[in-house]
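The next block holds one structure in the form of structure tokens; read it before the comments.
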Amino acid sequence: MEKLTILGAGTMGHSIALSAAWSGHTPTVYGINEQDVTNADKGLAQKLAVMADNGLFDNNEAQAIRERILFTTSLEEAIGEATFILEVVPEKLQLKRDLYKQLESLVDPSVIIASNTSGFKPSLLAEGMNHPERFIVAHFWNPGHLIPLVEVVNGERTQEEATARTMALLKAMNKKPILLNKELPGFIGNRLQYALFREAQALLDAGAASKEDIDAAVTYSIGRRLPVTGPLMTADMGGLDVFSAISNYLFEDLADDQRSGKILSELVDQHKLGDKTGQGFYEWAPYVSEEINRKREQTLIQFLKNDLEQEG
Ligand SMILES: NC(=O)c1ccc[n+]([C@@H]2O[C@H](COP(=O)([O-])OP(=O)(O)OC[C@H]3O[C@@H](n4cnc5c(N)ncnc54)[C@H](O)[C@@H]3O)[C@@H](O)[C@H]2O)c1
């Protein structure tokens, strides 16, 4: 079993640690200071409580999972016994590269260094590394403890052993890893997500429908099917002649904007950033935020329970 160290205790860091500990691993999580670690520990306790309340495990197991995670603010302590380091620090290219340089001066070349980057190509991140053959991307999705997909992306110089060990670790964490055949910005999931988001913005900017109706057009239609069949299998089921004919007249009319849309840009300029600032496309009063987050979490837990049942 790999000895996993997670560098970064934020949104993704502590939820990935929860996922690892739930599968029996004993991850060490590095946070930059005491406040960072306290926030992560609090977030962990809340997530475990919701998972236990929704029947994924009992309170004893929740306690055992929590005890398998070690938090530290010492980088040296964090990586001391690591065989596999997952970097989960902010999405800043130079910050990540500087960290890899520091890590390479402290750990053996056999230790895998993986990044949870949302979209930087691994070859770009690994520029300047002494041992890029042990570097790889393992992109988890938010919330890291409830979404099964992890995208694994090799850089130009990643060696097979690193890929094999990464896939094995993710499977041992009960994740659903996919291995890309080539590196490209945004990988697969974010490219698909942002294609939909670009069109949603264009429709909103054009006044084609209200924001509520644009969202409803997804949640009450394709959103209902996509958890069962992806876009390619959906097309097979609908008939490829039909999907091809529609592609042939519709593609030329779809949004191809190179930047964020007008409404989104204005909201960001006004520091209306969504849930975290209380206003975005929607108003986010605390009780609304609580309700929507709870509903989403419960639905994601239900999907996980279905997966567990099917896997028997
Ligand atoms: N939040 C998401 O939805 C999401 C989803 C998938 C991938 N990611 C990626 O995961 C990574 C982390 O994102 P996040 O949302 O968890 O960020 P975050 O801001 O919530 O947490 C970042 C953590 O990194 C550490 N950190 C902060 N500054 C640091 C520094 N200067 N040096 C070393 N460590 C530092 C701290 O522990 C901090 O809590 C990013 O690469 C991001 O793109 C985020």
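The values are calculated or read from the model by the stated rules, or taken from the named source; none is laboratory data. Just so we're clear, the structure is a prediction, and the values are computed from it rather than from any experiment. No Cβ is skipped: glycine too gets one built from the backbone with ideal geometry, and neighbour counts run over all protein chains shown. The protein model used for the area step is the full one, side chains on, heavy atoms only, and it has no ligands, DNA or RNA in it. Shrake-Rupley method; radii C 1.70, N 1.55, O 1.52, S 1.80 Å.
Can you confirm whether ASP108 is surrounded by fewer than 14 Cβ atoms within 10 Å (Cβ to Cβ) and assigned to a loop (DSSP other than H, G, I, E, B)? Taking the combined requirement at face value, the residue satisfies it. Looking across region 52-62 at every residue that is surrounded by fewer than 14 Cβ atoms within 10 Å (Cβ to Cβ) and assigned to a helix (DSSP H, G or I), the one that is farthest from the ligand (Cβ to nearest atom) is identified as ASN60.
Residues of region 149-182 that are out of contact with any strand residue (DSSP E or B) (no Cβ under 7 Å at 6 or more places or on another chain) and either surrounded by fewer than 18 Cβ atoms within 10 Å (Cβ to Cβ) or farther than 22 Å from SER23 by Cα (or both): GLU156, ARG157, GLN159, GLU160, GLU161, ALA164, ALA168, ALA172, ASN174, ASN181, LYS182. A Cβ distance below 9 Å, combined with a sequence gap of six or more or placement on separate chains, defines the contacts here; from region 46-60, residues that are more than 14 Å from THR299 (Cα to Cα) reach residues that are among the basic types (Lys, Arg) in the pairs LEU48/ARG66. In region 241-278, what residues are open to solvent by less than 100 Å² (accessible area, probe 1.4 Å) and over 30 Å from THR11 (Cα atoms)? Selection gives VAL242, PHE243, SER244, ALA245, ILE246, SER247, LEU250, LEU254, ALA255. Each residue in region 63-98 was checked for being without any contact (Cβ under 8 Å) to a residue 60 or more places away in the chain, within 12 Å of the ligand (Cβ to nearest atom) and over 22 Å from the mean Cα position of the chain (by Cα), and 3 of them qualify. Only residues that are under 12 Å from the mean Cα position of the chain (by Cα) and outside any strand (DSSP E or B) were counted across region 126-156, and they come to 8.
Quick check on LYS101: is it open to solvent by less than 10 Å² (accessible area, probe 1.4 Å) and among the basic types (Lys, Arg)? No; evaluated as a whole, the condition is false for this residue.
Listed by first and then second residue, the pairs with beta-carbon distance under 7 Å, at least 6 apart or on different chains, first residue in region 19-35 and among the aromatic types (Phe, Trp, Tyr), second more than 15 Å from the ligand (Cβ to nearest atom), are TRP22/ILE65.
The residues in region 111-125 that are at pLDDT 95 or above, among the polar types (S, T, N, Q) and either within 14 Å of the ligand (Cβ to nearest atom) or open to solvent by less than 10 Å² (accessible area, probe 1.4 Å) (or both) can be counted, and the count is 3. So, in region 285-295, of the ones that are open to solvent by less than 100 Å² (accessible area, probe 1.4 Å) and within 21 Å of LYS47 (Cα to Cα), which residue ends up farthest from the chain's Cα centre (by Cα)? Out of the qualifying residues, it is VAL288. Taking the conditions (1) at positive phi; (2) surrounded by fewer than 16 Cβ atoms within 10 Å (Cβ to Cβ) in turn, PHE187 satisfies each one other than (2). When restricted to residues that are charged (D, E, K, R) and open to solvent by less than 70 Å² (accessible area, probe 1.4 Å), region 296-309 contains 3. If you go through region 126-143 and keep only what is surrounded by fewer than 23 Cβ atoms within 10 Å (Cβ to Cβ) and within 13 Å of the ligand (Cβ to nearest atom), you end up with TRP141, ASN142, PRO143. Scanning region 2-51 for residues that are within 9 Å of the ligand (Cβ to nearest atom) and of a type in the set (Gly, Ala, Ser) turns up GLY8, ALA9, GLY10, GLY13, SER15, GLY31, ALA40.
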